[in-house]
1. At 7 Å along the Cα-to-beta-carbon direction for both Ser13 and Ile38, put a label point, then send me their distance in nm to one decimal.
2. Compute the FRET efficiency between Arg71 and Ile24 as 1/(1 + (r/R0)^6), taking r as their Cβ-Cβ distance and R0 = 25 Å, and round to the nearest 0.05.
Amino acid sequence: MKFRKLLSLKQWSHIFRSSWRYIISPEVAMGDKLLFTIPALLYWVLPDFMPFIPIDDIGVTMLLMGWFVTRMDRKYAALSSGR
């Protein structure tokens, strides 16, 4: 994601809507869903895993969401454009 998109409210609303849509969609492979959920959950449960990086839990989750949605938009283009 480019820096300008990081500050865009429209981009973040797309990320929040799409991430939930991809998580609950039966068309998305379970392995793809786990690529987002496992690292996010681990970081929330084990926040001292990376103690020298001053990013809050929600910041890491939002960065993971951005990566996840970008990846899923490319991989499942029909699913993202169909809704």
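FYI, it's all coordinate maths here, none of it is from the lab. Predicted model, so just to flag it, every value in this text is computed and none were measured. Heads up, the Cβs are rebuilt from the backbone with ideal geometry, glycines too, and the neighbour counts pull from every protein chain shown.
1. Once both label points are built, they end up 3.4 nm from each other.
2. Working: r = 17 Å, r/R0 = 0.67.
Result of the calculation: an efficiency of 0.90.
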